[in-house]
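Asker: Let me give you the structure first, and then I'll get to my questions.
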Amino acid sequence: MTKLRTLSFIALLLLVSCSSRTDGPILPTALGFGDIKTIFLGTTRAMKSDGTFGFGRSEELQMMRVGVSVPSERELGTIPDGRSRPDPRRHFVMTEREMYQNGGDFLGDVKDSFQSSTPDTREVTVFIHGYNNSFTDAAFRMAQLAQDLELPGAFVSYAWPSRGNPLGYEYDRDSALFARDGLERLLRMLASADNPGQVLVAHSMGSALLMETLRQIEIAEPGWVGRNITGVILIAPDLNPAVFRGQIGAFQTVPDPFVIMVSRKDRVLRLSARIRGDQERLGNLQDSKAVSDLPVSIVDVSEFAEGNGNHFTAGSSPALLQLFRRSADLDSEFLRGRGARMGVDTGSARTFVLGEGFEGR
């Protein structure tokens with residue numbers, strides 16, 4: 001590795017916005033202080049002797065339900081965390097954790113959760129986190145998105161064995177490959193619950209994990225993705241555009257909508273591309289040339305970037321979250337035709353810039 005690439009890698013570690021947390025305690029006493037979100041988790045993290053989940057890898061897919069208390073007084077997009085000594089009045093807190101001994105009980109509770117929604121909003125949202133995340137991050141981020149975007153249905157998070165350390169980038173890349181089979185088992189299990197569909201949301205390195213998993217499912221069972229996945233959203237995907245083309249090319253039917261949220265100001269992905277010798281990553285495309293012939297929507301959120309590497313703008317910008325919340329139907333609002341155009345759009349791809357020229361209903 002050249003001196004320039006070494007310095008770039010160090011800068012990447014310093015800039016990366018995927019936060020690292022020490023898993024906090026479970027506090028039933030936090031009930032009543034904030035809004036409680038029920039999050040279902042599947043994990044291939046190994047359980048430690050104290051009952052917490054570390055960064056070790058486990059071939060077993062373990063399933064559980066957790067309660068997350070979201071404090072009422074906080075800024076949209078933030079996840080205030082008291083680490084080992086949280087204050088439920090100000091911090092996200094895990095209030096309970098129930099482990100499932102079999103998939104039937106897990107699926108039964110998931111089904112009960114999404115059936116409480118209205119018929120037109122019954123769906124399961126599955127979140128796959130990115131690099132440098134702890135087990136707690138996986139639960140807290142899903143709870144934050146569900147709360148801030150006022151999502152309906154059931155919420156599931158896949159906690160793959162990230163090291164949860166800025167110096168664990170290579171470990172995380174291997175773990176993302178390791179975690180494909182566990183994610184496949186989780187997605188197939190959810191598909192058997194007779195739910196009306198799964199919306200898959202992945203961030204950063206989690207996008208590479210998700211796309212590899214969907215590709216391997218589709219190769220084994222052509223048409224599965226189109227039959228069981230109702231939407232895909234990749235947020236700042238740390239993924240080579242050519243690799244992405246090969247992955248999505250394996251799909252018999254591409255889910256619609258299929259959204260890629262990009263930011264031309266994403267410094268983390270800029271450095272990631274430099275380290276690999278790429279011009280750009282999928283999450284910081286400068287225009288839509290690389291994917292212009294694909295049935296996807298490119299949503300440019302560059303105008304909402306506010307620092308910290310600008311690597312999770314779609315989920316952390318208060319202004320952007322407010323914009324999403326004002327939209328009664330995000331799919332019809334901008335994924336299918338509203339917004340300003342940018343770059344080259346000569347094929348199937350739809351590209352939209354969100355900013356002053358776009359307003360939700």
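The values are calculated or read from the model by the stated rules, or taken from the named source; none is laboratory data. Only a predicted model underlies this, so the values are computations on that prediction, with no experimental measurement involved. Cβ atoms come from the backbone with ideal geometry, glycine included; neighbour counts cover every protein chain shown.
Asker: Within segment 191-210, work out how many residues are assigned to a helix (DSSP H, G or I), among the hydrophobic types (A, V, I, L, M, F, W, C) and crowded, with 24+ Cβ neighbours inside 10 Å.
Answerer: Result for segment 191-210: 4.
Asker: Another question about this same structure. I'd like to verify a number: residues in segment 65-82 that are more than 21 Å from Glu96 (Cβ to Cβ) and in contact with a Ser or Thr (Cβ under 6 Å, 6 or more places away or on another chain), how many?
Answerer: 1
Asker: Considering Asn165, Asn240, which residue is of a type in the set (S, T, N, Q), over 25 Å from Val66 (Cα atoms) and either touching a residue at least 12 places away in the same chain (Cβ under 8 Å) or surrounded by fewer than 22 Cβ atoms within 10 Å (Cβ to Cβ) (or both)?
Answerer: Sole residue among the options that is of a type in the set (S, T, N, Q), over 25 Å from Val66 (Cα atoms) and either touching a residue at least 12 places away in the same chain (Cβ under 8 Å) or surrounded by fewer than 22 Cβ atoms within 10 Å (Cβ to Cβ) (or both): Asn240.
Here's the yes/no breakdown for (1) charged (D, E, K, R); (2) at negative phi; (3) modelled with pLDDT of 95 or more; (4) part of a loop (DSSP other than H, G, I, E, B):
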site: Arg97; (1), (2), (3), (4): yes, yes, yes, no
site: Leu107; (1), (2), (3), (4): no, yes, no, no
site: Lys111; (1), (2), (3), (4): yes, yes, no, no
site: Asp120; (1), (2), (3), (4): yes, yes, no, no
site: Phe127; (1), (2), (3), (4): no, yes, yes, no
site: Asn133; (1), (2), (3), (4): no, yes, no, yes
site: Gln144; (1), (2), (3), (4): no, yes, no, no
site: Gln147; (1), (2), (3), (4): no, yes, no, no
site: Pro152; (1), (2), (3), (4): no, yes, no, yes
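Asker: Can you give me the number of residues within segment 305-322 that are modelled with pLDDT of 65 or more and in a helix (DSSP H, G or I)?
Answerer: 10
Asker: Now, a different point. When the residues of segment 36-53 are narrowed to those that are more than 20 Å from Val124 (Cβ to Cβ) and touching a residue at least 60 places away in the same chain (Cβ under 8 Å), which ends up surrounded by the fewest Cβ atoms within 10 Å (Cβ to Cβ)?
Answerer: That would be Ala46.
Asker: Hey, another quick one. Which of (1) under 21 Å from Ser317 (Cβ atoms); (2) part of a helix (DSSP H, G or I) does Leu214 not meet, given it meets every other one?
Answerer: The failed condition is (1).
Asker: Turning to a different aspect of this structure: Restricting attention to segment 165-174, does a residue exist that is under 19 Å from Met94 (Cβ atoms) and touching a Lys or Arg at 6+ places or on another chain (Cβ under 8 Å)?
Answerer: No; the residues of segment 165-174 include none that is under 19 Å from Met94 (Cβ atoms) and touching a Lys or Arg at 6+ places or on another chain (Cβ under 8 Å).
Asker: Taking segment 274-299 as the region of interest, how many residues are crowded, with 21+ Cβ neighbours inside 10 Å and under 15 Å from His311 (Cβ atoms)?
Answerer: Final tally of qualifying residues: 5.
Asker: Further question on the same structure: I need the full set of residues from segment 267-280 which are at pLDDT below 85 and assigned to a loop (DSSP other than H, G, I, E, B), in order please.
Answerer: Once the filter is applied, which keeps residues that are at pLDDT below 85 and assigned to a loop (DSSP other than H, G, I, E, B), segment 267-280 yields Gly277, Asp278, Gln279.
Asker: What is the number of the single condition among (1) farther than 23 Å from Met189 by Cα; (2) at pLDDT 90 or above that Leu214 does not meet?
Answerer: The failed condition is (1).
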